[in-house]
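Everything below concerns the one structure shown next.
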Amino acid sequence: MRRAKVTAVGAYLPERRLTNADLEKLVDTSNEWILERTGIRERRILGRGKGSAYMAIRAAEEALRKRGLPAEAIDLVIVATVTPEYPFPATANLVAHALGAHRAWGFDIEAACSSFLYALSIAADSISSGRVERALVIGSDKMSSIIDYRDRATCVIFGDAAGAVLLEPTEEEVGVLDYLHRSDGSGCTYLHMKAGGSLLPPSVRTVRNRLHYVYQEGRQVFKQAVVQMAAISEDLMKKHGLTADDIAFFVPHQANLRIIEAAAQRLGLPREKVMINIDRYGNTTSATLPLCLYDYESQLKKGDNLILATFGGGFTWGALWLRWAY
Ligand code: UT7
């Protein structure tokens, strides 16, 4: 049976660090509150004049370099992002062009924090179907471009970054083995950007009212995230008779350390089996999952079972079973 395996991972992290001490100067907050309530110490910020494509290109270039493949070998580029370079065309088109992936088609996927997992699923299915040979799936978000640095409840959480995975076909029982995804639009009001779309196009009024920023009712999102991320991972594991012992690593979306710990606990997974890097990058939306794979790559070995899980605006959530291939 033909499947899609991950054969390389790349990442890009902007150099500039925004620490909790820096945020103490911007809003009424403290290092203690941020650490205790979120587990975040610092995040990265991309400077002005650069967008999500800049980071996506660098992450993808690293993945290709590590695998020793030219960009012409790529058939499909999917960029997962809530902060595209432009409303249109798709950031994926700009990235493919800059990489020199002239044979590729591509598009963006927007499903808030679940964007990367949805994109990975679509790319994997394209490869298993035989239509695509090699795909780049890139999560890239410049969250600082849509964060209100006067809103202490959201500005302490988010950061900028990109991560990329290269997918190739295999006949072995490795790679993307299954996934379960869900969405529920009734969650829209708890986490969204109020203006900038077709309902409320940008205007002097929308800008004045600060409607082009992330709006989040954190407590509501928190409750749903803990329950749904664990439940869907459990459903996927049960479907395949997997127990906590079979899992090498749980790879959760990095939104809040307390959400990660609660979800892992519900799944009966000890801390050493949970990928965590939120302390260094914050919530980078579409980049959290590939960044985890990137940071833990040296600890992974062929045959390791990973459960990737996510929850985000929409609401959207999902879990994916990935067996590491190298
Ligand atoms: O990735 C996409 C999905 N997003 C998520 O999964 C995020 C889910 N939500 C969260 O991570 C948490 O809800 C937050 C980190 C956003 C907030 O933490 P919380 O423990 O849920 O705080 P809260 O919103 O219930 O607020 C508790 C208190 C409030 O004060 P009062 O009303 O109790 O006096 C807030 O005003 O903490 C206050 N607060 C802060 N205090 C210091 C909120 N933000 C801050 C802050 N510094 N930065």
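The values are calculated or read from the model by the stated rules, or taken from the named source; none is laboratory data. Because the structure is a prediction, the values reported are computed rather than measured. Glycine also receives a Cβ, built like all others from the backbone with ideal geometry; neighbour counts cover every protein chain displayed. To get the accessible areas, we keep the full protein, side chains included, count just its heavy atoms, and leave off ligands, DNA and RNA. Shrake-Rupley method; radii C 1.70, N 1.55, O 1.52, S 1.80 Å.
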TODO: Check R67 against each of (1) closer than 16 Å to V9 by Cα; (2) modelled with pLDDT under 95 and name the one condition it does not meet.
DONE: (2)
Open item on the list: When you check R44 against the structure, is it assigned to a strand (DSSP E or B) and either within 13 Å of the ligand (Cβ to nearest atom) or without any contact (Cβ under 8 Å) to a residue 60 or more places away in the chain (or both), yes or no?
Closed with: no
Task: the range 12-41: number of residues that are more than 10 Å from the ligand (Cβ to nearest atom), hydroxyl-bearing (S, T, Y) and closer than 21 Å to L289 by Cα - done: 1
Task: Condition check for A325: buried (at least 17 other Cβ atoms within 10 Å of the Cβ) and not in a helix (DSSP H, G or I) - done: yes
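Scan the range 236-251 and tell me whether some residue there is more than 18 Å from R323 (Cβ to Cβ) and out of contact with any Asp or Glu (no Cβ under 9 Å at 6 or more places or on another chain).
In the first step, residues of the range 236-251 are kept if they are more than 18 Å from R323 (Cβ to Cβ); the result is none.
No: zero hits.
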- [ ] Provide a single number: the residues in the range 231-282 that are open to solvent by 10 Å² or more (accessible area, probe 1.4 Å) and hydroxyl-bearing (S, T, Y).
- [x] 2
Open item on the list: Filter the range 8-35 down to the residues that are over 17 Å from G139 (Cβ atoms) and buried (at least 19 other Cβ atoms within 10 Å of the Cβ) and list them by number.
Closed with: L18, N20, L23, I34
Task: Extreme residue, farthest from the ligand (Cβ to nearest atom), among residues of the range 288-312 that are open to solvent by less than 10 Å² (accessible area, probe 1.4 Å) and out of contact with any Cys (no Cβ under 9 Å at 6 or more places or on another chain) - done: L306
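Just for helices (runs of 4 or more DSSP H) wholly inside the range 179-287: which have at least 3 residues that are within 21 Å of the chain's Cα centre (by Cα) and away from the ligand (no atom under 14 Å from the Cβ)? Break it down into steps so the answer makes sense when it comes.
Working: elements: 204-208, 218-239, 257-266, 278-281.
Per the criteria, 218-239.
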Task: Odd one out for E168, checked against (1) outside any strand (DSSP E or B); (2) buried (at least 17 other Cβ atoms within 10 Å of the Cβ) - done: (1)
